[in-house]
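Just so you know, all these numbers are worked out from the coordinates, no wet-lab data involved. These figures come from a predicted structure and were not determined experimentally. Note that we place each Cβ from the backbone using ideal geometry, even for glycine, and neighbour counts take in every protein chain shown.
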There are 2 protein chains.
Amino acid sequence: MAATETLTAERILEATEEVLRRYGPAKATVVDVARVLGVSHGSVYRHFRTKAALREAVTERWLERTIVALRPHVEAGEPADERLTGWLTALFTLKRRKAGGDPELMATFQVLIGENSAVVDRHEEHLVEQIARILEDGHGEGLFAAPERDFGTTARAVFDATDRFHNPAHAADWSAPDVEDAFTAIVSLVQRALRA
Amino acid sequence: MAATETLTAERILEATEEVLRRYGPAKATVVDVARVLGVSHGSVYRHFRTKAALREAVTERWLERTIVALRPHVEAGEPADERLTGWLTALFTLKRRKAGGDPELMATFQVLIGENSAVVDRHEEHLVEQIARILEDGHGEGLFAAPERDFGTTARAVFDATDRFHNPAHAADWSAPDVEDAFTAIVSLVQRALRA
DNA sequence: TGAATGACAGATATTGAAATCTGTCATCGG
DNA sequence: CCGATGACAGATTTCAATATCTGTCATTCA
């Protein structure tokens with residue numbers, strides 16, 4: 001219908017998200033995306049070389065949003081230990097709200113994540129960099145001890161230690177009655193380990 | 001063929017493991033199990049109420065083996081901090097060897113694990129109890145600080161923090177070149193957190 | 001001229017009929 | 001008498017024919 005607007009990668013990505021949301025990852029087709037946009041599917045291939053590339057771009061966009069949402073917690077003016085707890089809590093809360101609020105959409109993105117491990121690896125690196133920034137600040141503030149090896153390695157350890165509370169593979173556990181306690185326990189453990 | 005021996009639950013479980021190993025979780029049938037044992041499938045139902053119950057029992061047996069293999073690391077005469085590192089390393093090594101050595105069998109058991117979360121929960125509780133025992137000993141030896149809440153909660157936090165290195169859901173990551181470092185980093189983190 | 005189209009070949013997914021499996025139970029045989 | 005059997009109904013899976021989709025490209029149209 002709306003050939004009124006020019007066809008951009010951005011518009012295609014929006015349409016793709018809509019189609020994924022509506023039909024799920026198994027049934028979403030490039031033809032569906034083209035239909036939503038009112039163009040032929042050949043036009044979509046002018047902007048994305050393959051269906052896989054299209055899905056990858058959607059995945060990247062989705063993950064990027066998490067990075068942006070967490071940025072304030074890296075930069076806030078509080079002491080680093082509080083910022084770390086804030087960052088970890090924000091990440092957990094974010095993921096959990098998404099998982100709880102729309103389980104089907106979450107399942108859809110889990111499939112996409114499984115298809116695009118390279119994108120996910122890059123995303124994880126970004127998150128680990130955010131943690132590393134907080135750790136460096138914390139060391140500067142005299143709150144955190146010097147890292148055993150380097151900030152990156154310790155940041156990765158913090159990220160891995162909390163995996164159970166941000167990795168969508170564990171989303172099913174996040175509605176258990178005692179997750180909050182388990183999460184708090186891990187955060188305490190991490191804080192103890194880092195303390196100067 | 002061998003109706004020479006009496007049909008026991010134990011023999012059925014062995015046959016079921018063999019069938020699962022050979023055909024995988026999707027194609028393994030009760031009829032297959034009965035054929036291996038040389039009996040009619042009706043006889044299998046005398047010992048296990050349903051196919052699901054049979055699979056659950058196989059899962060339980062498999063998990064039990066891990067508990068047994070780790071027991072020595074709980075009881076060894078070394079200092080508790082070394083026992084903890086030994087226990088965590090043993091668990092990781094055990095899982096990783098299984099995953100690397102026979103990926104198909106691992107995939108099979110991942111399916112079974114997914115089907116039997118109640119059994120897995122009980123199994124995890126056992127493992128957490130083993131950790132808690134080491135933590136209590138370590139506190140007695142003056143190596144570990146008093147737990148923030150109780151030994152069980154801290155033990156669970158230690159278990160969760162190392163999830164990435166024993167949960168089969170992450171098996172795909174265990175062949176990465178830097179897993180060893182990541183594992184060592186987590187263990188250091190945990191040890192720092194516990195130290196008196 | 002350059003974006004958009006749609007027909008096309010090969011790959012993938014859907015569908016419904018046929019085959020197999022699960023779980024029950026009346027019957028058999030040691 | 002008691003464990004084992006195999007025929008059976010309903011549920012699930014398989015398989016092959018059919019339909020749809022992916023990715024390309026010569027052609028159209030603005």
With +1 on each Lys and Arg Cβ and -1 on each Asp and Glu Cβ, and nothing else charged, work out how big the dipole of the protein assembly as shown is about its Cα centre, in Debye to the nearest 20. 1520
Given the Cα atoms of the protein assembly as shown, and with Rh set as the inverse mean 1/r over their pairs in the Kirkwood sense, what is Rg to Rh to two decimals? 1.04
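Grab the DSSP H runs of chain A that are 4 residues or longer, score each as -39,500 (n - 2.57), total them, divide by all residues and round the 222 nm result to the nearest 500 deg cm²/dmol.
After summing the helix terms and dividing by the residues of chain A, the value is -24500 deg cm²/dmol.
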Across A:164-171, the residue-averaged tally of Cβ atoms belonging to other chains within 10 Å stands at 3
May I have the extent of the alpha carbons of chain B along their three principal axes, as whole Å values ordered from largest to smallest? 61, 35, 26
Net charge of Cβ neighbours under 9 Å - reference B:Arg195; Lys, Arg +1; Asp, Glu -1: +1
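Past 29 Å, Cα to Cα, is the threshold; run A:Lys95/B:Lys27; A:Lys98/B:Lys51; A:Lys51/A:Lys95; A:Lys27/B:Lys95; A:Lys51/B:Lys27; A:Lys51/B:Lys98 against it and keep the listed order.
Details: A:Lys95/B:Lys27 35 Å; A:Lys98/B:Lys51 35 Å; A:Lys51/A:Lys95 26 Å; A:Lys27/B:Lys95 35 Å; A:Lys51/B:Lys27 32 Å; A:Lys51/B:Lys98 35 Å.
Beyond 29 Å between Cα atoms: A:Lys95/B:Lys27; A:Lys98/B:Lys51; A:Lys27/B:Lys95; A:Lys51/B:Lys27; A:Lys51/B:Lys98.
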Once Lys and Arg get +1 and Asp and Glu get -1 on their Cβ, which of A:Gly114, A:Gln130, A:Ala155 lies farthest toward the positive end of the dipole of segment A:51-194? A:Gly114
How far, in nm to one decimal, is A:Ala146 from itself in the other copies if the label point is set 7 angstrom along Cα toward Cβ? Shortest first, please. 3.3
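Please give the average number of partner chain Cβ atoms lying within 10 Å of the Cβ of each residue in B:139-152, rounded to a whole number. Mind showing how you got there, number by number?
Numbers: counts 0, 0, 0, 0, 0, 0, 1, 0, 2, 5, 4, 0, 0, 1.
Shielding by partners across B:139-152 averages 1.
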Can you list residues whose amide H is under 5 Å from A:Arg195's amide H, if they're 5+ apart or on another chain and H is modeled 1.01 Å from N? A:Ala145
When all C-alpha to C-alpha distances in segment B:64-133 are sorted into bins of 10 Å, what percent of pairs does each bin hold, rounded to whole numbers? 19, 46, 29, 6
Rounded to a whole number, the mean other protein chain Cβ count within 10 angstrom for residues of B:154-161 is 6
Chain A, dipole about Cα centre (Lys/Arg Cβ +1, Asp/Glu Cβ -1), debye to the nearest 20: 780
What ³J(HN,Hα) values, in whole Hz, does the Karplus curve 6.51 cos²θ - 1.76 cosθ + 1.60 give for segment A:55-70 when θ = phi - 60°, with x put for Gly and Pro? 5, 4, 5, 4, 4, 4, 4, 4, 5, 4, 4, 5, 3, 5, 5, 8
Karplus 3J(HN,Hα) series, Hz, for segment B:156-168 with 6.51 cos²θ - 1.76 cosθ + 1.60 (x for Gly, Pro): 5, 5, 5, 5, 5, 4, 9, 3, 4, 10, 9, 6, x
Nearest-first distances (nm) between copies at B:Gly77, label 7 Å from Cα via Cβ: 6.1
Kindly give the distances from B:His47 to its copy-mates, label point to label point, with each label point 7 Å from Cα along Cα→Cβ, as nm values to one decimal ordered shortest first. 6.1
